[in-house]
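Take a look at the structure set out below.
The values are calculated or read from the model by the stated rules, or taken from the named source; none is laboratory data. Just so it is clear, the model here is predicted, and its values are computed rather than measured. Cβ placement follows ideal geometry from the backbone for every residue including glycine, while neighbour counts extend to all protein chains displayed. Just so you know, the surface numbers come from the protein's heavy atoms only, side chains and all, with ligands and any DNA or RNA stripped out. Shrake-Rupley method; radii C 1.70, N 1.55, O 1.52, S 1.80 Å.
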Amino acid sequence: MTAFAPDHAQLPGWRHVYSGKVRDLYEPLDGRDDVVLVVASDRISAYDHVLATEIPDKGRVLTQLSLWWFERLGGIPNHVIAADVVGGVPAAVEGRAMICRRLAMYPIECIARGYLTGSGLVEYRASGTLCSLPLPDGLVDGSPLYPVLFTPSAKAEVGEHDENITYDAVVTMVGDDAAAQLRALTLELYTRAEAIARERGIILADTKVEFGLDPVTGLITLGDEVLTPDSSRFWDAALYAPGQAQPSFDKQFVRDWLTSDASGWDRTSEPPPLPDDVLERTRARYVEAYERLTGRPFV
Ligand code: ATP
Ligand code: MG
């Protein structure tokens with residue numbers, strides 16, 4: 001497939017090397033190969049499409065929320081080196097960028113699920129399993145899962161759909177030792193974050209993280225973003241009611257509008273631009289997630 005090349009800033013001292021659905025990656029022009037600049041854009045993706053409309057401030061929310069979580073997850077190595085101009089972040093992207101250790105990323109999305117919903121619920125209804133693991137009978141949308149499950153998927157190219165894989169497939173891809181560490185780190189991260197979110201009245205239903213190997217330290221290290229509305233399902237604990245879809249702090253307004261008659265979208269072509277009210281409500285939802293979790297106003 002053709003390389004994905006959305007608009008991105010030209011930054012003095014840095015060369016653009018890659019764009020994912022949401023983030024742009026840069027390497028230093030001075031030849032250092034152990035760091036990258038990770039810049040979160042305001043792009044939003046839904047149904048495996050990057051939409052034509054950007055959500056103002058989304059890149060800053062994702063970056064600031066990730067930094068807040070990285071600080072609270074001490075003990076799990078993470079890639080952050082600096083996130084301000086003093087530390088070397090270009091002024092043009094300050095607030096939504098981090099200078100990070102350059103990792104050799106594992107091509108695996110490490111997912112922990114504490115509740116049954118989404119694609120997991122679809123599989124459970126069809127076969128009584130989740131990522132091929134058998135589950136008890138009688139579970140409904142939003143049922144808690146005991147124990148919390150590690151349900152990895154293979155990372156797809158931009159525009160393709162990530163594919164669920166078994167733990168044994170992870171072992172085949174990365175070896176016994178790395179697979180065991182990826183599972184243990186993902187479940188530890190979920191368990192710690194779930195408790196922190198719960199104190200703030202938010203249920204962390206599931207989350208996706210990406211790890212890489214740091215060639216300098218030799219440690220499996222947390223990369224990308226963590227515990228944002230893009231990578232996680234956050235539910236309002238006060239409204240939680242299993243047996244129905246839970247309202248969540250993410251792209252729900254975007255998905256609802258895209259699949260409604262109002263959008264006229266046929267799901268095969270590129271999605272249409274978002275109307276202003278959908279855009280504004282989505283922005284407010286991202287900001288609310290940041291403020292509820294961190295207890296800080298978003299400025
Ligand atoms: P999505 O996260 O929406 O599933 P994606 O991962 O393809 O899709 P982005 O998150 O926008 O899209 O892209 C960021 C890219 O940067 C990913 O390929 C990720 O693996 C990579 N990356 C993140 N942190 C580092 C790092 N410290 N070193 C090297 N690559 C990194
Ligand atoms: Mg990513």
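Pick from segment 22-40 the residues that are more than 12 Å from ligand 2 (Cβ to nearest atom) and farther than 10 Å from residue 99 by Cβ: which of them is least open to solvent (accessible area, probe 1.4 Å)? Spell out how you get there, then give the answer.
Within segment 22-40, the subset more than 12 Å from ligand 2 (Cβ to nearest atom) is 26-37, 39.
Checking the rest, the ones that are also farther than 10 Å from residue 99 by Cβ come to 27, 29-34, 39.
Details: 27: 39, 29: 98, 30: 117, 31: 60, 32: 122, 33: 117, 34: 58, 39: 3 Å².
Out of the qualifying residues, it is 39.
Select, from 137, 48, 141, 84, the only residue that is touching a helix residue (DSSP H, G or I) at 6+ places or on another chain (Cβ under 6 Å) and open to solvent by 10 Å² or more (accessible area, probe 1.4 Å).
141
Can you tell me how many residues in segment 234-253 are farther than 15 Å from residue 201 by Cβ and either at pLDDT below 95 or in contact with a Cys (Cβ under 8 Å, 6 or more places away or on another chain) (or both)?
Final tally of qualifying residues: 6.
So residue 215 ticks every box in (1) surrounded by 15 or more Cβ atoms within 10 Å (Cβ to Cβ); (2) touching an Asp or Glu at 6+ places or on another chain (Cβ under 8 Å); (3) in a loop (DSSP other than H, G, I, E, B); (4) not polar (S, T, N, Q) but one. Which box is left unticked?
Of everything listed in (1) surrounded by 15 or more Cβ atoms within 10 Å (Cβ to Cβ); (2) touching an Asp or Glu at 6+ places or on another chain (Cβ under 8 Å); (3) in a loop (DSSP other than H, G, I, E, B); (4) not polar (S, T, N, Q), residue 215 misses just condition (1).
Can residue 105 be described as open to solvent by 60 Å² or more (accessible area, probe 1.4 Å), touching a strand residue (DSSP E or B) at 6+ places or on another chain (Cβ under 7 Å), of a type outside the set (Phe, Trp, Tyr) and within 16 Å of ligand 2 (Cβ to nearest atom)?
So residue 105 fits the description; yes.
Taking the criterion of being under 24 Å from residue 181 (Cα atoms), open to solvent by 40 Å² or more (accessible area, probe 1.4 Å) and at pLDDT below 95, would at least one residue in segment 149-162 satisfy it?
yes
Would you mind stating whether residue 183 is in contact with a helix residue (DSSP H, G or I) (Cβ under 9 Å, 6 or more places away or on another chain), of a type outside the set (Phe, Trp, Tyr) and open to solvent by 40 Å² or more (accessible area, probe 1.4 Å)?
So residue 183 passes the test.
Write out, first by first residue and then by second, each pair whose Cβ atoms fall under 7 Å of each other, whose residues are 6+ apart or on separate chains, and whose first residue, in segment 148-173, is assigned to a loop (DSSP other than H, G, I, E, B) while the second is open to solvent by less than 30 Å² (accessible area, probe 1.4 Å) and of a type in the set (Val, Ile, Thr).
151/111; 152/108; 152/111; 152/165; 152/170; 155/108
So, of the residues in segment 26-52 that are under 30 Å from residue 257 (Cβ atoms), at pLDDT 95 or above and near ligand 1 (Cβ under 9 Å from one of its atoms), which turns out to be nearest to the chain's Cα centre (by Cα)?
Here the residue is 40.
Which condition breaks for residue 94 when tested against (1) among the acidic types (Asp, Glu); (2) within 16 Å of ligand 1 (Cβ to nearest atom); (3) surrounded by fewer than 20 Cβ atoms within 10 Å (Cβ to Cβ)?
Going through the list (1) among the acidic types (Asp, Glu); (2) within 16 Å of ligand 1 (Cβ to nearest atom); (3) surrounded by fewer than 20 Cβ atoms within 10 Å (Cβ to Cβ), residue 94 breaks only (2).
Taking the condition within 20 Å of residue 117 (Cβ to Cβ) and among the hydroxyl-bearing types (Ser, Thr, Tyr), does residue 172 pass? Before you say what the answer is, go through the steps one by one.
Details: within 20 Å of residue 117 (Cβ to Cβ): no; among the hydroxyl-bearing types (Ser, Thr, Tyr): yes.
So residue 172 fails the test.
So for segment 48-62 (the condition being within 15 Å of ligand 2 (Cβ to nearest atom), of a type in the set (S, T, N, Q) and in contact (Cβ under 8 Å) with a residue 24 or more places away in the chain), does at least one residue qualify?
no
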